[in-house]
1. Among the listed residues SER112, SER81, which satisfies the condition of being over 20 Å from ASP7 (Cβ atoms) and among the hydroxyl-bearing types (Ser, Thr, Tyr)?
2. Which one of these is of a type outside the set (Asp, Glu), within 24 Å of PRO15 (Cα to Cα) and without any contact (Cβ under 8 Å) to a residue 12 or more places away in the chain: LEU263, LEU285?
3. Tally the residues that are within 12 Å of the ligand (Cβ to nearest atom) and in contact with a helix residue (DSSP H, G or I) (Cβ under 7 Å, 6 or more places away or on another chain), restricting the search to the stretch 183-196.
4. If I filter the stretch 108-126 for residues that are more than 16 Å from the ligand (Cβ to nearest atom) and farther than 27 Å from PHE240 by Cα, do I get at least one hit?
5. Would the stretch 199-210 turn up any residue that is open to solvent by 30 Å² or more (accessible area, probe 1.4 Å), outside the structural domain of VAL293 (by TED's automatic domain parsing) and either part of a helix (DSSP H, G or I) or at positive phi (or both)?
6. Quickly run through the stretch 271-299 and pick out the residues that are assigned to a strand (DSSP E or B) and within 16 Å of the ligand (Cβ to nearest atom).
7. Scan the stretch 135-152 for residues that are of a type in the set (A, V, I, L, M, F, W, C), farther than 17 Å from HIS175 by Cβ and within 12 Å of the ligand (Cβ to nearest atom) and jot them down.
8. Would you say GLU194 is open to solvent by 60 Å² or more (accessible area, probe 1.4 Å) and under 26 Å from ARG166 (Cβ atoms)?
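The values are calculated or read from the model by the stated rules, or taken from the named source; none is laboratory data. In this text, all values refer to a predicted model and were calculated from it rather than measured experimentally. Reconstructed Cβ throughout: ideal geometry from the backbone, glycine too, with neighbour counts over all protein chains shown. Just the protein is used for accessible areas: all its heavy atoms, side chains included, with ligands, DNA and RNA removed. Shrake-Rupley method; radii C 1.70, N 1.55, O 1.52, S 1.80 Å.
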Amino acid sequence: MPAWDYDIVIVGAGPAGLTAGIYAGRARLKTLLLEKLIHGGQVMTTDLVENYPGFPEGISGFELSDRMRKQAERFGLEFRSGEVLDLEPGPDGHLLRLEGEELRSGAVIIASGARYRSLGVPGEKEFTGKGVSFCATCDGALYRGETIAVVGGGDTALTDSLFLCRFAEKIHLIHRRNAFRGVKFLQEQIFAQEKKGKVEIHWDTVVQEIQGQQAVEAVELKNVKTGELSRLPVAGVFIFVGITPNTAWLQGRVPVDEWGFVLTNADMATSIPGIFAAGDVRSKLLRQIATAVGDGAIAAFAAGEYLAEHHPR
Ligand code: NAP
């Protein structure tokens with residue numbers, strides 16, 4: 001018998017972790033899913049998921065997550081809440097340190113997700129899902145024909161503003177400096193939209209407050225050079241000021257890209273044998289529920305193959 005507590009420990013219970021759990025459970029691998037708070041990750045705070053296949057009318061993030069959890073339970077996945085503080089890789093199993101406890105696992109799937117950076121201004125939290133969005137792919141289509149604001153000056157703000165041009169009547173692009181951080185190629189496309197009157201750029205400007213009754217109605221802006229305040233009526237505010245992977249607990253134990261996202265190959269394997277990553281925490285092109293579940297399925301399958309090859313029962 002292998003000298004570890006679990007064949008696989010999955011860290012994080014968003015769609016990637018839950019899907020990995022379903023696949024590992026069906027493969028009859030002894031698997032534990034650890035989650036810091038409650039299951040679901042970012043999807044839990046998504047009011048209506050409209051781009052996950054199979055739900056033509058959309059489904060609430062909570063319900064989708066709850067269904068995935070029940071499915072994983074049905075196949076024998078063990079759940080526990082607990083925060084992993086450190087992961088120490090080893091040739092004969094990996095050691096996971098939790099508060100007052102250690103667990104040893106044959107393979108580990110890192111599915112701890114990422115979080116959007118926020119502005120920290122009044123109204124932002126209150127109106128998230130009611131006009132404040134961090135995802136153009138998810139919510140862009142809701143703003144067909146509307147006037148909206150986009151905050152940020154990096155590649156995401158520029159790319160997603162161009163995407164949002166397909167839906168919105170007008171985009172106010174709000175950037176805190178007088179030059180974009182995003183690449184020139186994207187800047188050129190934004191300036192072309194500015195010429196058409198589709199995009200209006202507010203340089204040296206920050207959002208002071210997001211205002212509304214039931215949903216977003218306006219943003220209060222401040223010009224950081226002149227101190228001038230203004231109120232801009234908008235139906236939505238897209239905030240693209242960066243995304244941070246939840247990798248502090250890994251303490252540099254696995255290779256990451258320049259922004260801190262975990263590097264894997266197409267089989268979701270990191271360069272550390274037996275350690276895999278899936279979902280938003282991974283260095284990848286598109287962070288969506290649909291891509292997270294694909295990652296989770298591959299990671300669990302690959303972890304099973306790894307265990308069969310290196311640690312046959
Ligand atoms: P980013 O490059 O870190 O840019 C964040 C932007 O938000 C910056 O313009 C920054 O302003 C601004 N910002 C940060 N905190 C703010 C605050 N509190 N208030 C107002 N503005 C704030 O993040 P990103 O755009 O998400 O891109 C992340 C990485 O993914 C980048 O390396 C990017 O190249 C890559 N990416 C690539 C593509 C592509 O098409 N190839 C698409 C998306 C993302 P400052 O400029 O003043 O710092």
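1. SER81 is the lone residue from the list that is over 20 Å from ASP7 (Cβ atoms) and among the hydroxyl-bearing types (Ser, Thr, Tyr).
2. Only one candidate passes the filter, namely LEU285.
3. Looking only at that region, the number is 4.
4. The answer is yes; a qualifying residue exists.
5. no
6. Passing the criteria: only ARG282.
7. CYS135
8. When the stated conditions are applied, GLU194 passes them.
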